[in-house]
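Read through the structure below, which is laid out as structure tokens, and then see the notes.
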């Protein structure tokens, strides 16, 4: 086991969890499109100098660039869109816990679409994840489904897209000679183009974008922790160890986001949501270790 790779993956999990929690603050006054369009631009201010000062940008071929572009659209645009929407309609610890099922969905989609052998542990983990989601999105004595529809489904969708795009295309491109910072530049640039096209389209339809100074600071902080530091640490670790080895560390984001939401946002989760977080994390961790 490469201890340095584990250290990098753990650092990535902490960085991404911080970004997930602080996104709740950034979206309190700034609209979703304004917030999402400036984050990748801020991230490029860190990524480009880092790449120029270190190993530089190295690309294998146009086909691998296309794979990285597709991963950027799925992960950093559609996945982020669903997560931003979810966190505006639920608490940070609930949205992050459901979105952080990404390692679980990576295994499930591999079984469904890549023909990998299904294992009993996958079905056990699926039961834990579904049961955890039930505890997270229901309230004792409540029969309303609004919370489930507007909080759960987008968060689970974000986890599904992140699970598909996060590991397989990244590992594939890195194994073919693309440097981590090159892959990082492509996915963040893709996010910047996609989100700013949305912003331009919104302006043409007289949608007023809003950029409060305080929330711009939050956007820059989450751009640094998520797009720059988190991806840099994850891709560096992914170069050193198999993705299946690092997946359990990626799953620890659920616990980090849960703790950060309590300490930093002063959220007070119920006992049911705490059980839901533990069940969800248990399913992700189980399938990552044994799946």
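Nothing in this text is a laboratory measurement; each read-out follows from the coordinates by a stated rule. Given the structure is predicted, the values throughout are model-derived calculations rather than measurements. Every residue, glycine as well, gets a Cβ built from its backbone with ideal geometry; the counts of neighbours run over all protein chains shown.
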- So how do 178, 220 line up by other beta-carbon neighbours within 10 Å, fewest first? 220, 178
- Note on the structure: Ranked from fewest to most other Cβ atoms within 10 Å of their own Cβ, 75, 215 fall in the order 215, 75
- Note on the structure: Expressed in Å to one decimal, the Kirkwood Rh of the stretch 29-77 from all distinct alpha-carbon pairs is 12.9
- If you stretched the chain out fully between residue 7 and residue 271, how much longer would it get, using 0.36 nm times the residue separation minus the C-alpha to C-alpha distance? 91.9 nm
- Sorted from fewest to most neighbouring beta carbons within 10 Å, what does the list 266, 39 look like? 266, 39
- Task: Once you have a ≥ b ≥ c as the square roots of the Cα gyration tensor eigenvalues for the stretch 3-290, tell me rounded if a/c is under 1.5, and otherwise prolate or oblate according to whether a/b is larger than b/c.
- Result: oblate
- Query: Once fully extended, how much extra length lies between residue 62 and residue 200, figured as 0.36 nm per residue of separation less the alpha-carbon to alpha-carbon distance?
  - Reply: 46.9 nm
- Computed over the stretch 3-290, the relative contact order (Cα-Cα under 8 Å, seq sep at least six) in percent reads 44
- Whether the stretch 173-290 is rounded, prolate or oblate, judged on the alpha carbon gyration tensor where a/c under 1.5 counts as rounded: oblate
- Message: Under 15 Å from a point placed 7 Å out from the Cα of residue 239 along the Cα-to-Cβ direction: which residues of the stretch 50-75 have their backbone N that close?
- Response: 50-60
- Give the calculated FRET efficiency between residue 55 and residue 119 to the nearest 0.05, with a Förster radius of 35 Å applied to their Cβ-Cβ distance. 0.40
